[in-house]
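Novice: The structure that follows is given in the form of structure tokens.
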């Protein structure tokens, strides 16, 4: 991305000021499978904690942070997740981005985007009546 892109966009990766702040005050601690980079502050606050943040590889979408890194970002544990990850399970699905608001979003039968026609009722529904 160009320098102008870094100055004027915040939604696609880190902007120029974030990159400058990270280079001066941040320590890179790891990278996830999607290429997101995780940092912590070089100095601790008065209460002994360090600030933690992520620089996304692409669009800034919080759903792109894997659960193990989410726990680390929020201070649930102090160890870097990559050093304690169990092997992946065969049933675990790969990450898929949130498609809400895009052309790839799920649209059930009867949705306006799919013509607005629902399947005919099958007769298996019986309406409740307070008398009966």
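Novice: What is the angle, in °, between the Cα long axis of helix 16-25 and the longest principal axis of the Cα atoms in the chain? Nearest 10 is fine, range 0 to 90.
Specialist: The helix 16-25 is inclined about 50 degrees to the chain.
Novice: Let me ask another. Cβ neighbours within 10 Å, averaged per peptide: list 31-41, 121-131 in order, most packed at the top. Mind showing how you got there, number by number?
Specialist: On the way: 31-41: 16.5, 121-131: 5.5.
Top of the packing list down: 31-41, 121-131.
Novice: Find the Rg to Rh ratio for segment 46-91, where Rh is the Kirkwood radius over alpha-carbon pairs and Rg uses the same atoms. All intermediate terms of the calculation are to be shown ahead of the outcome.
Specialist: Working: Rg = 12.7 Å, Rh = 12.4 Å.
Rounded to two decimals, Rg over Rh is 1.02.
Novice: Another question, if that's okay. Once both labels are modelled 7 Å past Cα along the beta-carbon direction, what's the residue 103-residue 126 spacing in nm?
Specialist: 4.7 nm
Novice: Now, a different point. Under the definition of Cα pairs under 8 Å and six or more residues apart, what whole-number percent is the relative contact order of the chain? Working shown, then result.
Specialist: Working: 118 pairs, mean separation 18.6, N = 132.
Across the chain, relative contact order equals 14 percent.
Novice: Kindly rank 43-52, 88-97 from highest to lowest mean number of other beta carbons found within 10 Å of each residue. Intermediate results must be reported in sequence, preceding the final value.
Specialist: Working: 43-52: 10.3, 88-97: 7.6.
Packing order, densest peptide first, comes out as 43-52, 88-97.
Novice: On full extension of the chain, what length is gained from residue 27 through residue 94, given 0.36 nm per residue of separation minus the C-alpha to C-alpha distance?
Specialist: Values: separation 67, 0.36 × 67 = 24.12 nm, distance 2.81 nm.
This chain segment gains 21.3 nm when fully extended.
Novice: A further question follows. Principal axes first, then extents: for the Cα atoms of the chain, list largest minus smallest coordinate on each axis, whole Å, largest first.
Specialist: 70, 38, 35
Novice: Please identify, among 85, 73, 112, the residue showing maximal mean-square fluctuation in a Gaussian network model of the chain using a 10 angstrom Cα cutoff.
Specialist: 112
Novice: Further question: Run the helix sum for the chain: -39,500 (n - 2.57) per DSSP H stretch of 4+ residues, divided by residue count, reported at 222 nm to the nearest 500 deg cm²/dmol. Walk me through the numbers before you get to the answer.
Specialist: Working: 3 runs with 23 residues, N = 132.
Value at 222 nm, helices only: -4500 deg cm²/dmol.
Here, each number is a calculation from the coordinates, and none is a lab measurement. Because the structure is a prediction, the values reported are computed rather than measured. We place every Cβ from the backbone using ideal geometry, glycine too, and count neighbours over all the protein chains shown.
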